[in-house]
Amino acid sequence: MGFPEIGDAEADQLAARHVAASKARKQQSKQKSLPLAKQKMRTLVYDNETTCLLKPEVAGLDQQPKIIEFAVIEIDDDYNEVGEWSWLINPGELITPEITKITGITNDDLRGKPSFIQVLPEIEKVFKGVDRVMAHNLPFDWGMLTNELKRVGREYAFPYPPNQVCTVQLASDLIYGRRAKMTELYEKAVGKPLAQTHRALDDVRALVEIVRALRW
């Protein structure tokens, strides 16, 4: 059985459709071969000030120190600041003269300030969807945050970033044989001395400068 003959006009239409289909296939192939866009990474740099140092884990939660100041700065892939947040937090107890001497924070500063559970929704909003968190001596800051979350029953509900980076550990290539202090790391990275205030937001700003200078 032979194929039916077609006219010139119909043949031209078929040829045109064939060319169009061929171009469409090539365009689809070109699109598939394009490299995927680099996914943006969200990084938080944070610090907190506390009522005292962490105690051994065998100590009860009620004996562990509490956070009195919490500060965060978000940076993008180019180390530009995206946002900045800080909170003074009432620990529900008086702080010692020693802590006031170190941080400059007084009991009057904390009087009337919200408790940790009251600021937690704002902190969770900042941390949600973040890829990486950085802190100088991260185990301490992370331990403080974890203890506060345990106290309010949110330990397993907090939006923990999947990547956690301690700049003390990163600095081991720059400062050998001991833990790097923020002041000496800042001077080595930025090239000028740091007048450290031991306030959370000031320390975070200084750490952002370090991270930016060292491209961490």
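Since every read-out is calculated from the coordinates, none of them should be taken as a lab result. Only a predicted model underlies this, so the values are computations on that prediction, with no experimental measurement involved. Reconstructed Cβ throughout: ideal geometry from the backbone, glycine too, with neighbour counts over all protein chains shown.
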Using alpha carbons only, what's the Rg to Rh ratio of segment 39-139 with Rh from Kirkwood? 1.01
Paramagnetic reach from Gln196 in segment 82-126 [backbone N under 20 Å; point 7 Å along Cα→Cβ]: 96-106
Of all C-alpha pairs within segment 115-192, those more than 19 angstrom apart amount in percent to 46 percent
What relative contact order, as a whole-number percentage, does segment 43-164 give when Cα pairs under 8 Å and 6 or more residues apart are counted? 28 percent
Which value in Å is the Kirkwood Rh of segment 66-216 over different Cα pairs? 16.5 Å
Fewest Cβ neighbours within 10 Å first, please rank Lys188, Lys101 accordingly. Lys101, Lys188
At Asp62 and Tyr79, where each label point lies 7 Å from the Cα along Cα→Cβ, what is the point-to-point distance in nanometres? 4.8 nm
